[in-house]
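The values are calculated or read from the model by the stated rules, or taken from the named source; none is laboratory data. Please read all numbers here as calculations on a predicted model, not as lab measurements. Using ideal geometry, Cβ is built from the backbone for each residue, glycine included, and neighbour counts are taken over all protein chains shown.
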Amino acid sequence: MSSLALGPVRDVPLARINPVALLTAMAVVTVVLVTSLDLVTPAVVVAAELCLLPAAGLTAPGVLLRRTWPLLVGAGSVGIVNVLLSDDASPITGLGLALRVVGLALPGVLLVSATDPVRVADALTVHWRVSTRFAYGALAALRLVPLLVTEFEAIRLARRTRGVESGGNPVVAARLLAGAGFTLLVGAVRRGSRLATAMDARGFDSGVRRSNARGSVLHRRDAVFVAATVVLCAAAVALSIATGEWNPVFVGG
């Protein structure tokens, strides 16, 4: 089950940070990680991100694993594939690439775990003037993720009830998974079309400026959080340069 399907953990310290501050911090981390190819920079960033897990309510190993297993599988795959298929990639290089994937994706897990999607939509429309059609359309899509997970489970159980099983054959299992995914996709497209029609009927595409009932306020702690992220990333790059590991992508290497 994905992090999106599990939804946010209520009343955690990281939830006090405004969503646009979290998104800004994520952008800073992304810029730093995608412009470097060394091991030190992502190692420092990932270490700092791991320190934020308790603040996002991710302390129980079971909960943490359910929210991050796709990330861990993806990171491991990237590292292993690059080591096996590249002539000049060492295990250290593979580890650096895997850490970079973790460093880029883990902030998203933290955001989803600590922040109500409604707050994200409100903050985007209030502070960044994002279109309400886009912001609340994305919000509606996030709200439908748990429903998709439930529907997928219902499809799987219905097939098992009718005796449609793989019998331990991986090829048959892959074919059944693809069929269930296609069924889920058809249902999601139909539901999305109905949702778009309902939003248009409520005037989301009217062009009229909308007010916001809940509002969104930026506090001093939000600026401190973003500033701390900038300092952390600068320290990670400085440490990488000091150790001679800094390898920016625009220089090559």
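Computed quantities for the displayed model
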{"read-out": "Breaking point among (1) of a type in the set (Gly, Ala, Ser); (2) out of contact with any helix residue (DSSP H, G or I) (no Cβ under 8 Å at 6 or more places or on another chain); (3) at positive phi, for residue 57", "value": "(2)"}
{"read-out": "Subset of the stretch 210-253 (residues that are in a helix (DSSP H, G or I), of a type in the set (Lys, Arg) and surrounded by 11 or more Cβ atoms within 10 Å (Cβ to Cβ))", "value": "221"}
{"read-out": "Meets criteria (of a type in the set (A, V, I, L, M, F, W, C), touching a residue at least 12 places away in the same chain (Cβ under 8 Å), closer than 25 Å to residue 238 by Cβ and assigned to a helix (DSSP H, G or I)) for residue 48", "value": "yes"}
{"read-out": "Residues of the stretch 211-235 that turn out to be closer than 28 Å to residue 40 by Cβ and not assigned by TED's automatic domain parsing to the domain that holds residue 20, as a count", "value": "0"}
{"read-out": "Residue match in the stretch 99-120 (condition: among the hydroxyl-bearing types (Ser, Thr, Tyr), more than 21 Å from residue 12 (Cα to Cα) and at pLDDT 80 or above)", "value": "no"}
{"read-out": "Options 139, 144, 124, 148: the member that is under 21 Å from the mean Cα position of the chain (by Cα) and at pLDDT 85 or above", "value": "124"}
{"read-out": "Single residue of the stretch 73-110 satisfying the filter (loosely packed, with under 15 Cβ neighbours inside 10 Å and among the β-branched types (Val, Ile, Thr)) that is nearest to residue 42 (Cα to Cα)", "value": "92"}
{"read-out": "Elements of type helices (runs of 4 or more DSSP H) contained in the stretch 80-190, each with 2 or more residues being farther than 30 Å from residue 213 by Cβ", "value": "91-114, 132-161"}
{"read-out": "Members of the stretch 49-65 that are modelled with pLDDT under 90, surrounded by 14 or more Cβ atoms within 10 Å (Cβ to Cβ) and within 24 Å of residue 94 (Cα to Cα)", "value": "64"}
{"read-out": "Tally, over the stretch 218-235, of residues that are at pLDDT below 95 and under 29 Å from residue 37 (Cα atoms)", "value": "0"}
